[in-house]
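Here the structure is laid out as structure tokens; the discussion comes afterwards.
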Amino acid sequence: MCGIVGLYLKNPALESQLGKLFEPMLLAMTDRGPDSAGFAIYGDEVQDGWIKLTLQAGDASFDWKALMGELEGRLGCSLDWFQNASAAVLKTNASEEAVRTELADLAPDVRVMSVGQSIEILKGMGLPEEISQRFGLAGMKGSHIIGHTRMATESAVTMEGSHPFSTGQDLCLVHNGSLSNHFRLRQELRRHGIEFETENDTEVAAGYLTWRLRQGDSLKEALDHSLEDLDGFFTFAIGTRDGFAVIRDPIACKPAILAETDDYVAMASEYQALSSLPGIDQARVWEPEPATMYIWERATAQGAHA
């Protein structure tokens, strides 16, 4: 079944309250996804020439300090990092390829959740409230965030199988629905060099977007092609460095609701997840149309659809 929520702040004065505003939205989706939960938050950007990686270990007692010491020695460059429960956020001016290569050797069980200049992905098994408290969601700051609560249908309940899935630097995807052709697509995408770490059908959708973007598509073009190539039922929310996008399949059988005020844009699988937002009673609220992409980005500060 699963639940999706997203919040994009048009008013920068609210950025210090992003986590506080978003937490009730995520918790409201508990009944739709009690197995696992996660979120991708955008903010705390690193300067050009640097990247930020979110790393996650299965063990909350993992020795991040020792790993970072070894990693700094091998990379021979500056590192800045902090721990958040079972995760660590690493900032460096080394290349992504170099960091991944050394991590694979030093700590093969550590997973790279996200890479970019702004994004951080945190997720895990358990009720949304447990995930929120584990990572201190309510105290987080940023410009926008998307989240997901999962009720597993296509694969096992694991930390790796929870959403969001990263689909390139500062790009991620969450999904409510089920893809019927994910097995065939996974095989085809592997032939194009796309690697998969789980059997989750959503990872195939993420891999598909990665492939289309590598072919030179814009995000809009990649999502337009997804309507042709992905069979099944889906509502996608896609996070980018500058904002987020929402799209539903041509039948639109998976629920979604959007709300917009002068201060924010919010989306959810059910209206109840929006009810705690300030000014929601004055918001423009509507159901997104089938096979239509809605985008909000800092560059335009306005919604668009196509």
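The values are calculated or read from the model by the stated rules, or taken from the named source; none is laboratory data. The structure presented is a predicted model; accordingly, all values stated were derived computationally and were not measured. So basically every Cβ, Gly included, is an ideal-geometry build from the backbone, and we count neighbours across all protein chains shown. Note: areas computed on protein heavy atoms with side chains; ligands, DNA, RNA excluded. Shrake-Rupley method; radii C 1.70, N 1.55, O 1.52, S 1.80 Å.
When the accessible area of the range 1-63 is split by element with a 1.4 Å probe, what percent falls to carbon and sulfur?
Numbers: 1140 of 2340 Å².
About 49 percent, which is the carbon plus sulfur part of the accessible surface.
Modelling each spin label as a point 7 Å along the Cα-to-Cβ direction, I'd like the Ala66/Phe196 distance in nm, to one decimal.
The modelled label-to-label distance comes out at 3.5 nm.
Could you check how much of the accessible area of the range 214-306 is carbon and sulfur, as a whole percent, using a 1.4 Å probe?
Numbers: 1960 of 4260 Å².
Answer for the range 214-306 is 46 percent, counting heavy atoms of protein chains only.
Efficiency by 1/(1 + (r/R0)^6): what FRET value for Ser275 and Thr101, r their Cβ-Cβ distance, R0 = 45 Å, to the nearest 0.05?
Working: r = 47 Å, r/R0 = 1.04.
Result of the calculation: an efficiency of 0.45.
Keeping all protein chains in place, calculate the accessible area per residue for the chain (probe 1.4 angstrom), answer in Å².
41 Å²
Could you go through the range 46-54 in sequence order and give the Karplus-derived ³J(HN,Hα) for each residue, using 6.51 cos²θ - 1.76 cosθ + 1.60 with θ = phi - 60°, rounded to whole Hz, and x for Gly and Pro?
8, 6, 4, x, 10, 10, 10, 10, 9
Just tell me which lysines come within less than 25 Å, Cα to Cα, of Lys141; anything on the same chain fewer than 8 places away is out.
The reachable lysines, counting only those whose Cα sits under 25 Å from Lys141, are Lys10, Lys20, Lys52, Lys65, Lys91, Lys123.
Measuring from centroid to centroid over Cα atoms, what is the spacing of the range 74-133 and the range 202-218 in Å?
The range 74-133 and the range 202-218 have Cα centres separated by 22 Å.
What FRET efficiency would be calculated for the residue pair Leu79, Asp48, taking the C-beta separation as r and a Förster radius of 25 Å, to the nearest 0.05? Don't jump to the answer; show the numbers that get you there.
Numbers: r = 17 Å, r/R0 = 0.70.
That gives a FRET efficiency of 0.90.
Would you calculate the separation in nanometres between label points at Ala13 and Ser178, each defined as 7 Å from the Cα along the Cα-to-beta-carbon direction?
With each label point 7 Å from Cα toward Cβ, the separation is 4.7 nm.
Which value, in debye to the nearest 20, describes the size of the charge dipole of the range 47-117 about its Cα centre when Lys and Arg Cβ atoms bear +1, Asp and Glu Cβ atoms bear -1, and nothing else is charged?
160 debye
Per the helix-only calculation at 222 nm, which mean residue ellipticity applies to the chain, given -39500 (n - 2.57) for every DSSP H run of n ≥ 4 and division by its residues, nearest 500 deg cm²/dmol? Kindly include the intermediate steps, with their values, before the conclusion.
Working: 7 runs with 76 residues, N = 306.
Calculated from helices alone, the mean residue ellipticity at 222 nm is -7500 deg cm²/dmol.
Multiply the residue gap between Arg298 and Asp59 by 0.36 nm, knock off their C-alpha separation, and tell me the result in nm, one decimal place.
Answer, rounded to one decimal: 82.4 nm.
Evaluate 2.2 N^0.38 Å with N set to the residue count of the range 71-178, then give the Cα radius of gyration divided by it.
1.15
Arranged from highest to lowest average of other beta-carbon atoms within 10 Å per residue, in what order do the peptides 16-27, 64-75, 247-258 appear?
Per-residue mean Cβ counts within 10 Å order the peptides as 16-27, 247-258, 64-75.
Between rounded, prolate and oblate, where does the range 237-289 land on the alpha carbon gyration tensor, with a ≥ b ≥ c its root eigenvalues, rounded for a/c under 1.5, else prolate if a/b exceeds b/c?
Cα axes put the range 237-289 in the oblate bin.
Which whole-Hz ³J(HN,Hα) couplings does the range 69-86 yield from phi under the Karplus relation 6.51 cos²θ - 1.76 cosθ + 1.60, θ = phi - 60°, glycine and proline marked x?
With coefficients 6.51, -1.76 and 1.60, one gets x, 5, 5, 5, x, 6, 6, x, 8, 5, 10, 10, 8, 8, 9, 9, 6, 8 Hz.
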